[in-house]
Amino acid sequence: MKKGIIRALVICIFQKDDSILVAEGYDSVKGEYFYRPIGGGIEYGEKSTEALMREVREEIETEIFNLTYLGTVENIFTFNEEVGHEIVQVYDADFVDSTFYTEALFEGKESDGNTFKIMRLPISRFQNDELRLVPKGLLDLIKEQQNC
């Protein structure tokens, strides 16, 4: 996070039945785990759909299609005692490789080489407050889409 900068991000939930795909994160100051759909920063001159396809390629080395825009969430948060501010474009999409729907847990890779856990989790685990889904407002956006 860069202090004083509002970041433009794109994420994708990859919903299947009653589950979404999320990466596990950890705030070492708060001592709390959180879960966020995969994606990342939108670069200058890049459309959000292009950024999402690039980020998925970089993080889990696969291709996606059938991107569906779900909405935008503005997120002001604290992570490791630093305040962050994001404007997050949210999508759903399909994987070209169907094994990403059957694997319960796999590994993603950041551009710096660090790895992280990615898992498919039931939406109900976020709805009943068992697990925390970020960005704030994402769960409401998912519920909105389910009611359409």
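General remarks:
- Residues whose amide H falls under 5 Å from that of Gly25, counting only those 5 or more places apart or on a different chain, are Phe34, Tyr35, Arg36, with hydrogens built in the peptide plane.
- Counting only aspartates and glutamates at least 8 places from Lys47 when in the same chain, those with an alpha carbon closer than 15 Å to its own are Glu55.
- Per-residue Cβ neighbour rank within 10 angstrom, fewest leading, Asp18, Asp129: Asp129, Asp18
- For the chain, the mean residue ellipticity at 222 nm estimated from helices alone is -5500 deg cm²/dmol, where every DSSP H run of n ≥ 4 contributes -39500 (n - 2.57) and the total is divided by all residues, rounded to the nearest 500.
- Between amide H atoms placed 1.01 Å from N, distances below 5 Å from Arg7 occur with His85, Glu86, Ile87, all of them 5 or more places distant or on a separate chain.
- Scalar couplings 3J(HN,Hα) for region 104-116, obtained by applying the Karplus form with A = 6.51, B = -1.76, C = 1.60 to θ = phi - 60°, are 7, 8, 8, 10, x, 9, 6, 5, 8, x, 5, 9, 8 Hz; x denotes Gly and Pro.
- Under 19 Å from Lys30, Cα to Cα: aspartates and glutamates that are on another chain or at least 8 residues apart: Glu81, Glu82, Asp129, Glu130
- For the chain, the dipole from Cβ point charges (+1 on Lys and Arg, -1 on Asp and Glu) about the Cα centre works out to 300 debye, to the nearest 20.
- The coefficient of translational diffusion for the chain, derived via Stokes-Einstein from the alpha carbon Kirkwood radius under 20 °C and 1.002 mPa s, stands at 137 µm²/s.
Values quoted throughout were computed directly from the atomic coordinates according to the rules given, and no laboratory measurement underlies them. Here the structure is a predicted model, which means the values were calculated and not measured. Cβ sites come from the backbone with ideal geometry, for glycine too, and all protein chains shown count toward neighbours.
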